[in-house]
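Notes follow the structure.
The values are calculated or read from the model by the stated rules, or taken from the named source; none is laboratory data. A quick note: this is a predicted structure, and the numbers were derived from the prediction, not measured. FYI the Cβ positions are ideal-geometry reconstructions off the backbone, even for glycines, and counts take in every protein chain you see.
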Amino acid sequence: MAISTYLDFEKPVADLEKKIAELEATGGATVEEEVGKLREKAEKQLEHIYTHLNAWQKTQVARHPDRPHFMDYVESLFDEFVELAGDRKFMNDDAIMGGLARFRGKPVVVIGHEKGRDTQTRLKHNFGMGKPEGYRKAVRLIELAGRFNLPVIALVDTSGAFPGKGGEERGQAEALARSIEACLTLDTPMISVIVGEGGSGGAVALASGNKVLMMEHAVYSVISPEGAASILFHDAKRAKDTAEAMKITAQDLEKFRIVDAVVPEPMGGAHRDPKIAIEQVGEAIEEALSTLQGMTPDDLRAQRKERFYAIGREGFA
Amino acid sequence: MNWLTNLPPGLKSIFAKKDDTEGDSLWVKCPKTGELVYRQELESAYWVTQSGAHMRISPEQRFKYMFDGGLWTEIPMPPVMRDPLKFKDDKRYTDRLKAAKAKTGREDCMVAAHGEINGRKAVILVQDFAFMGGSLGMAAGEAFIKAAETAVARKAALIVVTASGGARMQESSFALMQMPRTVLAIQDVKRARLPYIVILSDPTSGGVLASYAMLGDVQIAEPGAQLAFTGPRVIEATIREKLPEGFQRSEFLRERGMVDIVCSRKELTPTVGAILGMLMPPARGRRSKAQPADEVAAAK
């Protein structure tokens, strides 16, 4: 499938696909065979690249502008989405969206970061960087889910909470802490899926559920690779090194038992076939929810405690 | 540059360079005014200089100032995996740990002890900024859990004195996971209806502020402490303007509704004592109707 934005390391594939497009434009019977060969070559190339992605390349895939975002998931995976807005204290923050919806027939609360797709929507959603009111809205919705016995599905995709003046004034830190607390004390099952970037506190605030899933090429880290590089090496350009050193890939985090399962992406990343990618996430959520079926509120809280306490205590592969 | 710079090294060593509260120099420099203060004088003034600067102090000094009679029992900390990622930047993480241990004599940044405050059972957990900037990693997270469990087991209040640059980057996601882990530990204290009191000291930031440091039943801050989720430099770079004086300081957070009390270190122990006195029964004996234990204590 041809895509609009190629990443640096996808250049060999981009070149092949360009050639294919040129050949197809000329038409003719002899072309068909050649195109077939090139297609095969491009596919092999893509497979080679995507089975050998390093942490910094994955970071770029996770940030790919064509990667499915919150609203894409909502449109494909959920029915009857009713968006709920505002924190009832200050304002509505579109960086974090949420509401009531049906997932495979059953009502749930769905929450997540929305990054926006073009300049206008990116500004509207503040590039998915939540402010205190966004996290306070999340708390409101999580509490609503608890009262009405609905599971919570959280889709995490943020470079981090917004580092702004207003956010600090209104208690960004407190809002994040309360959001973590709301996830951990919830009476009903909560599944968190890191679908793109899991950026630090802004991510963990929605990723403190019973099950934490992560897409194959998503990243999850305590600080952005650029941020770590500028602190540790005083050089943001060394992000590739810190991305490797911090072990931020789904594969590493599954080994560490920080995430419970890795959701496979279509070959070449979620942006190459969003429909399949979203479907796979749906399957993984359904499976994760089924393992929590029949658990009482106390069971669910105990499971979260056991899950998070075990991290780092038990060995890993 | 000041006149100290020109002194021969032998002489210079009797002056501490910065917040050297544990050193043995006779004179200490006030971080606010640069004025030299006599060490003994500072010690009896809770390490608060004439200008009101609250200097960073060690966990032992905290315990001494806060526990009744200066008596406490340190809580042993569980062993943890030290370098899960074999992390290396300019230096190996294990070398950084060794250096921090040599500097502070501690395994990591958190120290906990139990004792009494105003006759109420309390566990105090202190984060030592001198150990790798008080950064939150696995050892600190386990220490927090241990302190919370001890508080629940002893039916004691949990008091946490924070000082931290945030999560410890060298432990990456394992550090990040200490945010939910510490928040979980607090829930046990809350469910047991025991007070959880946070004392924010300079500086407290990042993942520490965005987890256990903002969830106290009562939030107290030492005057002038820098308390920021995102540090001022990063914000200034984002919004391209200078932040106003006092932004993200304790007094500012109180004004914005984020802390209950800004309290000088001298007033800290009586303030915490008063709060515990109203939220908890005395550790020893029940109050007799004729003579409440509080009044007996006050009469002494």
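The listed residues are A:Leu253, A:Leu232, A:Leu176, and the only one of them that is at the interface with chain B (Cβ under 10 Å from one of its Cβ atoms) and in contact with an Asp or Glu (Cβ under 8 Å, 6 or more places away or on another chain) turns out to be A:Leu232. When A:Val259 is tested against (1) surrounded by fewer than 21 Cβ atoms within 10 Å (Cβ to Cβ); (2) assigned to a loop (DSSP other than H, G, I, E, B), just one condition goes unmet, and that condition is (1).
Conditions (1) within 25 Å of B:Gln61 (Cβ to Cβ); (2) at pLDDT 95 or above; (3) of a type outside the set (Lys, Arg); (4) surrounded by 14 or more Cβ atoms within 10 Å (Cβ to Cβ), marked per residue:
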site	(1), (2), (3), (4)
B:Ser250	yes, yes, yes, yes
B:Leu253	yes, yes, yes, yes
B:Val262	yes, yes, yes, yes
B:Pro270	yes, yes, yes, no
B:Gly277	yes, yes, yes, yes
B:Ala290	no, no, yes, no
B:Ala293	no, no, yes, yes
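Conditions (1) assigned to a loop (DSSP other than H, G, I, E, B); (2) closer than 30 Å to B:Leu97 by Cβ; (3) of a type in the set (D, E, K, R), marked per residue:
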| position | (1), (2), (3) |
| --- | --- |
| B:Glu171 | no, yes, yes |
| B:Arg181 | no, yes, yes |
| B:Ala185 | no, yes, no |
| B:Asp188 | no, yes, yes |
| B:Val198 | no, yes, no |
| B:Leu227 | no, yes, no |
| B:Ile235 | no, no, no |
| B:Pro244 | yes, no, no |
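What about A:Lys137, is it surrounded by 24 or more Cβ atoms within 10 Å (Cβ to Cβ) and touching an Asp or Glu at 6+ places or on another chain (Cβ under 6 Å)?
Answer is yes for this residue.
Out of curiosity, is A:Ala173 touching a Ser or Thr at 6+ places or on another chain (Cβ under 8 Å) and surrounded by 24 or more Cβ atoms within 10 Å (Cβ to Cβ)?
Values: touching a Ser or Thr at 6+ places or on another chain (Cβ under 8 Å): no; surrounded by 24 or more Cβ atoms within 10 Å (Cβ to Cβ): yes.
No, not satisfied.
Regarding the stretch A:206-216, can at least one residue be identified that is more than 9 Å from chain B (Cβ to nearest Cβ) and surrounded by fewer than 24 Cβ atoms within 10 Å (Cβ to Cβ)? Taking every residue of the stretch A:206-216 in turn, at least one turns out to be more than 9 Å from chain B (Cβ to nearest Cβ) and surrounded by fewer than 24 Cβ atoms within 10 Å (Cβ to Cβ). For the stretch B:207-225, the set of residues classified as facing chain A (nearest Cβ under 7 Å) and in a loop (DSSP other than H, G, I, E, B) consists of B:Ala210, B:Ser211, B:Leu215, listed by residue number. Residues that are crowded, with 21+ Cβ neighbours inside 10 Å, under 26 Å from A:Arg301 (Cα atoms) and of a type in the set (Lys, Arg) occur at least once in the stretch B:169-183. Residue check: A:Phe81 meets all listed conditions (1) within 30 Å of A:Arg136 (Cα to Cα); (2) in contact with a Phe, Trp or Tyr (Cβ under 6 Å, 6 or more places away or on another chain) but one, namely (2). Residues in the stretch A:271-312 that are surrounded by 14 or more Cβ atoms within 10 Å (Cβ to Cβ) and among the basic types (Lys, Arg): A:Arg272, A:Arg301, A:Arg304, A:Lys305, A:Arg307.
Could you say whether any residue in the stretch A:225-239 is polar (S, T, N, Q), outside any strand (DSSP E or B) and within 29 Å of A:Pro264 (Cβ to Cβ)? No, there is no match, as no residue in the stretch A:225-239 is polar (S, T, N, Q), outside any strand (DSSP E or B) and within 29 Å of A:Pro264 (Cβ to Cβ). Residues in the stretch A:156-189 that are free of Cβ contacts under 8 Å to residues at least 60 places away in the same chain and in contact with a Pro (Cβ under 7 Å, 6 or more places away or on another chain) were compared, and the one that is farthest from B:Ala228 (Cα to Cα) is A:Ile180. Restricting attention to the stretch B:81-140 and to residues that are free of Cβ contacts under 8 Å to residues at least 12 places away in the same chain, of a type outside the set (Gly, Ala, Ser) and part of a loop (DSSP other than H, G, I, E, B), the residue that is nearest to the other protein chains (Cβ to nearest Cβ) turns out to be B:Asp90.
Among the residues of the stretch A:171-187, which ones are under 15 Å from A:Ser208 (Cβ atoms), part of a helix (DSSP H, G or I) and of a type outside the set (Lys, Arg)? Show your work before the answer.
Going through the stretch A:171-187, the residues under 15 Å from A:Ser208 (Cβ atoms) turn out to be A:175-187.
Keeping just the survivors that are part of a helix (DSSP H, G or I) gives A:175-185.
The answer is A:Ala175, A:Leu176, A:Ala177, A:Ser179, A:Ile180, A:Glu181, A:Ala182, A:Cys183, A:Leu184, A:Thr185.
Among the residues of this structure, A:Thr188 counts as one that is surrounded by fewer than 24 Cβ atoms within 10 Å (Cβ to Cβ), touching a Leu at 6+ places or on another chain (Cβ under 9 Å) and more than 9 Å from chain B (Cβ to nearest Cβ). Taking first residues from the stretch A:1-25 that are over 19 Å from A:Met267 (Cβ atoms) and partners that are acidic (Asp, Glu) and crowded, with 17+ Cβ neighbours inside 10 Å, no Cβ contact under 9 Å between residues at least 6 apart in sequence or on separate chains turns up. Of all residue pairs spaced 6 or more apart or on separate chains, those with beta-carbon atoms under 9 Å, a first member in the stretch B:243-272 that is farther than 22 Å from B:Ser211 by Cβ and within 14 Å of chain A (Cβ to nearest Cβ) and a second member that is in a loop (DSSP other than H, G, I, E, B) and among the small types (Gly, Ala, Ser) are B:Gly246/B:Gly224; B:Glu251/B:Gly224. For the stretch A:285-304, a residue qualifies if it is within 23 Å of the chain's Cα centre (by Cα) and either within 10 Å of chain B (Cβ to nearest Cβ) or more than 20 Å from A:Leu150 (Cα to Cα) (or both), and exactly one does: A:Arg304.
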